[in-house]
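Notes follow once the structure below has been shown.
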Amino acid sequence: MVTIEEYSRTVQVASYEVGANAKIKLSVLLRMAQETSEQHLGALGIGYERLKADGIVFLFTNYSVSIKRMPVHNDILTIKTHPCGTAGVQFYRDFVFYADGEEIVRIMQTSVSADPETHKILRPKVFLAYNIFKGGKVDSEDRVERLVLPENLPLLGERPIYYSDLDFNCHLNNAVYGDILMDFLPSEMRQQSMKHIHISYVSESKLGETLKIYGGHIKENGDFVLYGDHERGLSFSAKVQLHEKNWL
């Protein structure tokens, strides 16, 4: 279904999209969201190539993922998305994943529009000038803030940026951060049921750079947090909350 305010598509979870825990990989879930929004824009005549030619690209700033259950192999998913408006320079877009008519995952994505050459952030009115989407304001209670994590977390390891990690914009694709998060998550947590995942994208990671990954548990609530630094500073931060904290 395609309308100005909503788009939906149906996909089946393939075997190669499922990880060692028999659930869909987090990176695949994020790619599905990204592709759904791209298809929505494309159906309205303002897909990636058109926007870039017009001097606009979108850079993601946050993914807030709420999970009832992660999809599994052969699940037939209906993904619905709609733009939710703006808050400051950020655009908000909602994604809801359904399986057998039941909502199983909800994602709030925030992004900014930017110049494709300089990556200078553009005011929302530049994109809204297409007069396709409404420019309503997001309610304060629905806003997603950038994660602020504790300092002095222990070093967990390093992650080089490879050519295969890059996307259209020639930096580490947003979905790959989902793989990095899972790679550095404690092994005892990978088999647990995740309730909420929040990833904040702070600055681009480029080919040839190496992320230093720091992380640890928040003792007050049992959540796990981590962040990655490159030579230019903070790249991303993330937090994982489980449905049950029986791994402690």
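For this structure, a couple of remarks:
- In the complete set of protein chains, residue-level accessible area for I107 is approximately 0 Å², probe 1.4 angstrom.
- Among the chymotrypsin sites (Phe, Trp or Tyr not before Pro) in segment 109-183, those placed in a DSSP loop whose Cβ has at most 12 other Cβ atoms within 10 Å are Y162, F168.
- Segment R106-A43, extension gain: residue separation times 0.36 nm, minus the distance between their alpha carbons: 20.4 nm
- 10 Å Cβ shell holding at most 10 others, DSSP loop, trypsin sites (Lys or Arg not before Pro): longest site-free stretch of the chain: 1-119
- Remark: spin-label model distance T78-I4 equals 2.4 nm, labels positioned 7 Å along the Cα→Cβ axis.
- D165 accessible area, 1.4 Å probe, all protein chains in place, Å² to nearest 10: 10
- Taking other residues whose beta carbon is less than 12 angstrom from the beta carbon of L185, and scoring Lys, Arg as +1 and Asp, Glu as -1, yields -2.
- From phi via Karplus (6.51, -1.76, 1.60), per-residue ³J(HN,Hα) for segment 27-35 in Hz, x at Gly/Pro: 4, 5, 4, 5, 5, 4, 5, 4, 5
- Loop-located GluC sites (Glu not before Pro) in segment 1-48, at most 13 other Cβ atoms within 10 Å (DSSP): E5, E6
- Residue-normalised accessible area of the chain, given per residue in Å² at a 1.4 Å probe: 49
- Between K212 and S164, the simple label model (points 7 Å from Cα in the Cβ direction) yields a spacing of 2.7 nm.
- With a cut-off of 14 Å between beta carbons, the residues surrounding A14 carry a summed charge of 0, where Lys and Arg count +1 and Asp and Glu -1.
- Carbon/sulfur fraction of accessible area - the chain, other protein chains in place, 1.4 Å, %: 49
- Here the simple spin-label model places points 7 Å from the Cα toward Cβ, and for R123 and Y16 these points are separated by 4.6 nm.
The values are calculated or read from the model by the stated rules, or taken from the named source; none is laboratory data. On a predicted model such as this, the values are computed, not experimentally measured, just so you know. With ideal geometry, Cβ positions are generated from the backbone for all residues, glycine too; neighbour counts draw on all protein chains shown. Accessible surface areas use protein heavy atoms only, side chains included; no ligands, DNA or RNA. Shrake-Rupley method; radii C 1.70, N 1.55, O 1.52, S 1.80 Å.
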